[in-house]
Amino acid sequence: MIKTETAFTLLEVMVALLILSLSLSALFQNLSLSKRIALTSSINFDAVRIANNLFMDEKLMVSLKRNQEAEGDIGESGWKYKFAIEPLFINMDEEADNAVEVPGMSKVELILSHDFHSVSRTFRFLKWLR
């Protein structure tokens, strides 16, 4: 008598489960990686946005030119900033150490730091001002 019923053997089921588990493992790793990348890009975007807002604050820039330094916190978001301003020097010859001061121009350095879940990130921005 010939059997007409067909079924999967134990080996075929085990191979199918192995392939499924490897596929799901790769999928979850990619999801975790994309979440970390999204968080990092969000923090980087916030840093650029905050730096732009600070550089555009005319009262802060006038105070900075007068006091040469400024620092503070940005609300409750965990961001801190520190400004430093100095005269702008340009080195005309890379080999020699004869930098020339550019009259009426200043170099402004902004250090932004952010503490997020016990991880500290620091960003540095430079801008020239008249």
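Every read-out reported here was derived from the displayed coordinates using simple, explicitly stated rules and does not represent laboratory data. As the structure is a computational prediction, the values presented were derived from the model and not from experiment. Every residue, glycine as well, gets a Cβ built from its backbone with ideal geometry; the counts of neighbours run over all protein chains shown.
Brief remarks on what is shown
- From the coordinates shown, mean projected area of the Cα convex hull in nm² corresponds to which of [x] 9.4; [y] 17.0; [z] 11.3: [y]
- Rounded tilt (10° steps) of 10-56 against the dominant C-alpha axis of the chain: 10 degrees
- Take every Cα pair under 8 Å whose residues are at least 6 apart in sequence, average their separation, divide by the length of the chain, and the relative contact order is 15 percent.
- Point-charge dipole on Cβ atoms (K/R +1, D/E -1) for the chain, about Cα centre, debye to 20: 480 debye
- For the stretch 83-102 versus the stretch 1-48, the spacing of their alpha-carbon centroids is 56 Å.
- In the stretch 1-104, taking the dipole from charged Cβ atoms about the Cα centre, the farthest positive-side position among Asn67, Phe28, Asn91 is held by Phe28.
- Here's the list of lysines a cross-link from Lys59 could span, going by alpha-carbon distance under 28 Å and ignoring same-chain residues fewer than 8 apart: Lys80, Lys82, Lys107, Lys127.
- Stretch in the chain that is longest and holds no GluC sites (Glu not before Pro) that DSSP places in a loop and that have at most 11 other beta carbons within 10 Å: 6-75
- Shown is the FRET efficiency for Val48 and Leu20, computed with R0 = 41 Å from the Cβ-Cβ distance and rounded to the nearest 0.05: 0.45.
- Helix axis angle, 58-67 relative to the chain longest principal axis, alpha carbon, degrees: 60 degrees
- Sparse-neighbour loop sites [trypsin sites (Lys or Arg not before Pro); the stretch 1-95; at most 13 other C-beta within 10 Å; DSSP]: Lys3
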